Amino acid sequence: MLIIIETPLIFRPLEKKVTEALGKIRLQNQILEREKANALKAAMAKTNFVANMSHELRTPLNAIIGFTDCLLANIYGPLKTKQQQKCVQDIRDSGAHLLGLVNDLLDTAAAEPDAIKLYEEDVLPADVLRAAVSTLKLVAEKAVIDVGGDPDNDLG
C-alpha cells in the first residue's frame, strides 16, 4: 500500500523533468532548422555571386588577352617600335596572369570543402623568377624601383 501512495510522488517529478527536457529538445530542433535554412540561403547566394563574378571578370580579361594577341600577331598592322611590342606583350602577360588568379580565386570560392585537389608539379626557379620579374617590372618602374637580374645566371 505504501508503494501505491509513493508511486505518484516519485514519478510525477520525473515525468515533469522529462516533459521539460522534451520541450527544450523541440525548441533546439526548431532553432537548428532555422539555422540550416539560413545556411542554405547563404550557400545559394555564394553560388550565384561566384557565377556572376566568373562571367563579369573573365569576359573582359579574355578580350584583353585576345586583342593583345591580335596586336602581337600584327593582324591590325605592325607595331612601330620594339617598345610598343614589349608593352603589348607585358599587357598580354599581365592579363593572362590576372586571369589565372581570377580563375583560381573563383574556383576556390565555388568549391565545396574537400573538393579541391592539389597536384604537385616540378618548376624551374628561373621560370618562376622570370614570371615574377615580368609581372612586377612595370609597377616597380612606376615606383622608381629597379628590378633587374638574370634568372638564368643568378640562380645557377
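The values are calculated or read from the model by the stated rules, or taken from the named source; none is laboratory data. Worth saying up front: this structure is predicted, and the values here are computed from it rather than measured. Side chains included, ligands, DNA and RNA excluded: accessible areas come from the protein's heavy atoms. Shrake-Rupley method; radii C 1.70, N 1.55, O 1.52, S 1.80 Å.
For region 69-155, which helices (runs of 4 or more DSSP H) that fit wholly inside it have 1 or more residues that are at pLDDT 75 or above and open to solvent by 60 Å² or more (accessible area, probe 1.4 Å)? Outline the logic, then answer.
Details: elements: 82-110, 125-142, 151-154.
Because the criterion is at least 1 residues that are at pLDDT 75 or above and open to solvent by 60 Å² or more (accessible area, probe 1.4 Å), the helices (runs of 4 or more DSSP H) in region 69-155 that meet it are 82-110, 125-142.
Give just the number: which of (1) open to solvent by 70 Å² or more (accessible area, probe 1.4 Å); (2) on the phi > 0 side of the Ramachandran plot; (3) of a type outside the set (Asp, Glu) does residue 64 not satisfy?
For residue 64, the failing item is (2).
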